[in-house]
Amino acid sequence: MARIELSGIQKKWGAVWGVRDVNIDIADKEFIVFLGPSGCGKTTTMRMIAGLEDPSEGQITVDGELMNEVDARDRDVAMVFQGYALYPNMTIYENIRFPLRMREVPKADHDRLVREAARMVELEEYLDRKPAALSGGQRQRAALARAIVRKPQCFLMDEPLSNLDAKLRQAMRVQIKHLQRQLKITTVYVTHDQIEAMTLADRIVIMEKGMIQQTGTPDEIYSDPANTFVAGFIGAPPMNLIPGELLGGTFRAPGIEIHDVKLTVDGKVTLGVRPEDCHVTPEAPNMTGTVYGVEPTGDMTFLTMRVGEHLIEVKADREYRRALDLPETVAFDRKRLYFFDTKGGQRLR
Amino acid sequence: MASQRRKRGESRVIRYIILGSWAVFCIAPVLWFLSIGFRPRTEIITPQPIYWPTFSLDAWHMIWSDWPMASYLRNSVLAIIGSVIIDLVLAIPAAYALSRYRFRGREDIGFYILSTRMMAPAIVAIPIFFLFRNMGLLDTIWALMLIYAAVNLSIVTWIIRSYMMDIPKELEDAARTDGASDLRILWEIIIPAVLPGIITAAVIAAIFAINEFLFTLLIASTKNAYTMSVALANFTGGSDGLIYNAIALVAFLAFVPVFIVVVAIQKHLSRGLTMGAVKG
């Protein structure tokens with residue numbers, strides 16, 4: 001059982017803000033992912049939950065118990081680090097056993113628990129090896145085993161897959177999700193990889209410049225972005241953001257025209273449209289431009305169009321081919337258009 | 001193809017000649033000392049060159065029977081081991097604090113420790129003499145241990161600190177979240193990780209201690225505390241005049257233990273000396 005609440009959390013080093021006014025309520029057994037670019041404060045927030053950093057202001061509670069003054073070693077959390085942080089002088093067996101020794105778990109249980117954890121991450125054959133003799137994926141699994149061995153209240157994972165190659169990352173992702181569901185332990189996961197966030201999370205917290213930009217399920221974050229930062233950060237390729245003008249229900253930008261926009265505001269706005277919501281068609285087009293690039297990927301084709309000064313990404317059919325610089329027209333999916341205040345970046349509804 | 005192979009063979013021969021010459025250059029004084037040590041005294045001071053020296057154990061017998069060489073050797077070994085232990089016991093926690101904890105004046109303290117090494121030993125020689133005299137420690141091995149430890153503490157702390165700074169902080173964070181206290185982290189994680197650095201620092205401290213002369217001369221006055229370095233000086237004066245073969249043998253005896261230690265741990269030593277300087 002671990003419900004973690006962060007209220008009014010701030011972290012400041014001198015005049016530099018690390019984290020500003022973070023409020024999150026993490027439910028028991030929830031898998032929550034902090035997502036954002038480098039330096040956005042996501043790791044600092046996690047380190048404050050672990051007790052490795054002290055918040056400058058605000059409260060951290062676990063199941064209602066205030067944790068601010070509790071030392072890291074007395075918090076019942078287990079952390080998995082980006083660089084694995086396996087103890088190089090110990091075998092994998094000793095690495096996994098280390099938290100059991102430190103937490104004074106009865107010695108008689110050590111061997112059983114270590115082997116059980118190793119079995120869960122398929123590492124039984126490597127228990128007598130030193131970390132240096134393992135591959136990156138095996139080391140990461142050893143770090144996971146060390147975290148799960150004593151069944152903590154909460155897992156904290158700081159970009160645990162970022163040092164692995166793409167194929168291994170995908171395999172480990174599935175393993176982490178499976179383990180979390182199996183163990184039913186509250187998990188806080190930090191990443192800058194949106195695919196990891198989307199695939200793993202029950203809820204995603206998107207951060208930038210130390211502040212939370214949006215909190216929601218992966219579907220909410222993707223389909224209902226709160227501002228241009230979230231819209232531009234999630235999705236591969238990201239959402240197209242095109243500044244223009246809205247006047248009397250018609251949005252206009254060079255090469256783009258959309259009628260019957262159901263917004264009451266007039267003035268400068270930014271249109272957001274995802275590449276998969278753009279359809280190449282000559283009928284009732286909203287956008288006219290020229291072909292800038294065509295990139296077939298096998299299951300589809302990425303079309304980049306030059307429209308006015310902007311390059312717009314479009315996901316076209318797998319068969320789509322067209323010579324560069326030829327004119328092309330695109331219609332938008334009207335149900336999936338987003339408008340943002342150009343100045344503040346906030347979503348207009 | 002054949003000419004290329006010949007060229008490669010030639011370059012290898014040249015390499016061996018250069019390396020071989022260097023090895024001879026380094027080892028020649030040692031062998032020269034050894035040959036002097038095992039010759040009769042008369043043969044050493046003769047002005048004519050002797051191509052086939054006579055083997056003699058005169059000097060060997062002399063240093064063990066006429067001189068308390070066993071005491072000198074024992075004093076040296078005990079003082080060195082004792083001082084290195086004192087250094088490590090004090091330097092490891094100090095280096096850990098200086099490398100890991102953030103506190104006001106941390107850099108200043110670090111530099112202050114190192115700056116004690118910059119002072120010429122002669123400046124503090126007289127006060128140290130009085131200090132040990134007042135403590136009643138003159139002419140004891142304990143005094144040698146303390147003074148060697150004091151002289152080397154700064155360099156040992158500094159070396160170990162530089163290794164500790166290279167250890168990823170993640171390792172400590174991991175141990176802390178695993179439930180380890182600061183002492184357990186130091187003992188179980190940090191010390192094993194900086195072992196090459198600790199060995200390097202210990203060897204350097206031991207070499208400095210073996211070579212230490214001034215303070216030993218000041219503190220030691222009998223065989224109770226004379227070490228090999230001071231014993232060497234005893235063969236250069238007195239009514240017997242310069243006893244070259246005995247000097248050579250004692251110098252050789254002083255050299256051998258250091259040589260054995262350095263060869264035995266050279267892998268750690270070279271790795272240690274570079275690891276402290278370059279971020280891995």
Restricting to the stretch A:270-296, and then to whatever is acidic (Asp, Glu) and over 15 Å from residue A:257 (Cβ atoms), can you tell me which residue is surrounded by the most Cβ atoms within 10 Å (Cβ to Cβ)? A:277
Please list, ordered by first then second residue, the pairs with beta carbon atoms under 6 Å, 6 or more apart or interchain, first in the stretch A:77-96 and in contact (Cβ under 8 Å) with a residue 40 or more places away in the chain, second part of a loop (DSSP other than H, G, I, E, B) and among the aliphatic types (A, V, I, L, M). A:92/A:127; A:95/A:86; A:96/A:149
Which one is surrounded by the fewest Cβ atoms within 10 Å (Cβ to Cβ) among residues in the stretch B:165-192 that are more than 10 Å from chain A (Cβ to nearest Cβ) and free of Cβ contacts under 8 Å to residues at least 12 places away in the same chain? B:183
Within the stretch B:137-149, identify whether any single residue is closer than 19 Å to residue A:82 by Cα, part of a helix (DSSP H, G or I) and either at pLDDT 95 or above or touching a helix residue (DSSP H, G or I) at 6+ places or on another chain (Cβ under 7 Å) (or both), and answer yes or no. no
Per the filter on the stretch B:108-121, residues closer than 15 Å to residue B:150 by Cβ and not in a loop (DSSP other than H, G, I, E, B) are B:112, B:113, B:114, B:115, B:116, B:117, B:118, B:121
Report every pair of residues separated by at least 6 positions or lying on different chains whose Cβ atoms are under 6 Å apart, first residue within the stretch A:229-247 and over 18 Å from residue A:207 (Cβ atoms), second of a type in the set (Val, Ile, Thr). A:240/A:273; A:240/A:312; A:241/A:228; A:241/A:270; A:243/A:270; A:243/A:342; A:246/A:269
Just give me the residues in the stretch A:99-109 being of a type outside the set (Gly, Ala, Ser) and either over 30 Å from the mean Cα position of the chain (by Cα) or away from chain B (no Cβ under 12 Å) (or both), in sequence order. A:100, A:101, A:102, A:103, A:104, A:105, A:106, A:107, A:109
Criterion first (more than 30 Å from residue A:47 (Cβ to Cβ), out of contact with any helix residue (DSSP H, G or I) (no Cβ under 7 Å at 6 or more places or on another chain) and free of Cβ contacts under 8 Å to residues at least 24 places away in the same chain) does residue A:264 satisfy it? yes
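Scanning for something of a type in the set (Ser, Thr, Tyr), surrounded by 14 or more Cβ atoms within 10 Å (Cβ to Cβ) and within 24 Å of residue B:191 (Cβ to Cβ), does the stretch B:54-69 turn up at least one residue?
No, there is no match, as no residue in the stretch B:54-69 is of a type in the set (Ser, Thr, Tyr), surrounded by 14 or more Cβ atoms within 10 Å (Cβ to Cβ) and within 24 Å of residue B:191 (Cβ to Cβ).
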In the set A:254, A:296, A:282, A:275, which member is under 30 Å from residue A:33 (Cβ atoms) and either in contact (Cβ under 8 Å) with a residue 24 or more places away in the chain or of a type outside the set (Phe, Trp, Tyr) (or both)? A:275
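Among B:92, B:80, B:63, B:86, which is out of contact with any strand residue (DSSP E or B) (no Cβ under 8 Å at 6 or more places or on another chain), among the β-branched types (Val, Ile, Thr) and over 22 Å from residue B:227 (Cβ atoms)?
B:92 is the lone residue from the list that is out of contact with any strand residue (DSSP E or B) (no Cβ under 8 Å at 6 or more places or on another chain), among the β-branched types (Val, Ile, Thr) and over 22 Å from residue B:227 (Cβ atoms).
Among the candidates B:131, B:137, B:146, B:195, which residue alone is of a type in the set (A, V, I, L, M) and within 14 Å of another protein chain (Cβ to nearest Cβ)?
Working: B:131 fails: within 14 Å of another protein chain (Cβ to nearest Cβ); B:137 fails: within 14 Å of another protein chain (Cβ to nearest Cβ); B:146 fails: within 14 Å of another protein chain (Cβ to nearest Cβ).
The conditions single out B:195.
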Across (1) touching a strand residue (DSSP E or B) at 6+ places or on another chain (Cβ under 9 Å); (2) over 19 Å from residue A:340 (Cβ atoms), residue A:298 clears everything bar (1)
Give the residues of the stretch A:20-66 that are part of a helix (DSSP H, G or I), of a type outside the set (Ser, Thr, Tyr) and within 14 Å of chain B (Cβ to nearest Cβ), sorted by residue number. A:46, A:47, A:48, A:49, A:50
Residue A:299 versus (1) farther than 16 Å from residue A:237 by Cα; (2) surrounded by fewer than 20 Cβ atoms within 10 Å (Cβ to Cβ): which is the lone unmet condition? (1)
In the stretch B:174-208, the residues that are within 24 Å of residue A:154 (Cβ to Cβ) and not in a helix (DSSP H, G or I): B:178, B:179, B:180, B:181
I'd like to verify a number: residues in the stretch A:219-236 that are surrounded by 22 or more Cβ atoms within 10 Å (Cβ to Cβ) and outside any helix (DSSP H, G or I), how many? 2
Answer with yes or no whether residue B:46 is of a type outside the set (A, V, I, L, M), free of Cβ contacts under 8 Å to residues at least 40 places away in the same chain and touching a Lys or Arg at 6+ places or on another chain (Cβ under 7 Å). no
May I ask you to verify whether residue B:159 is more than 14 Å from chain A (Cβ to nearest Cβ), over 19 Å from residue B:90 (Cα atoms) and buried (at least 18 other Cβ atoms within 10 Å of the Cβ)? no
(1) surrounded by fewer than 21 Cβ atoms within 10 Å (Cβ to Cβ); (2) in contact with a Leu (Cβ under 9 Å, 6 or more places away or on another chain); (3) in contact (Cβ under 8 Å) with a residue 40 or more places away in the chain: which one isn't true of residue B:143, the others all being true? (1)
Could you tell me whether the stretch B:90-107 includes any residue that is modelled with pLDDT under 85, out of contact with any Ser or Thr (no Cβ under 8 Å at 6 or more places or on another chain) and part of a helix (DSSP H, G or I)? yes
Kindly check whether there is at least one residue in the stretch A:67-81 that is touching a His at 6+ places or on another chain (Cβ under 8 Å), within 13 Å of chain B (Cβ to nearest Cβ) and more than 17 Å from residue A:160 (Cβ to Cβ). no
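Considering each residue of the stretch B:224-252, count those that are assigned to a loop (DSSP other than H, G, I, E, B), at negative phi and out of contact with any Phe, Trp or Tyr (no Cβ under 7 Å at 6 or more places or on another chain), and give that number.
The number of residues fulfilling the criteria is 8.
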Using the structure shown, decide if residue A:254 is surrounded by fewer than 20 Cβ atoms within 10 Å (Cβ to Cβ), in the same structural domain as residue A:302 (by TED's automatic domain parsing) and either out of contact with any strand residue (DSSP E or B) (no Cβ under 7 Å at 6 or more places or on another chain) or not β-branched (Val, Ile, Thr) (or both). yes
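The values are calculated or read from the model by the stated rules, or taken from the named source; none is laboratory data. These numbers come from a predicted model, not from an experiment. Neighbour counts are summed over all protein chains in view; Cβ atoms, including those assigned to glycine, are modelled from backbone coordinates with ideal geometry.
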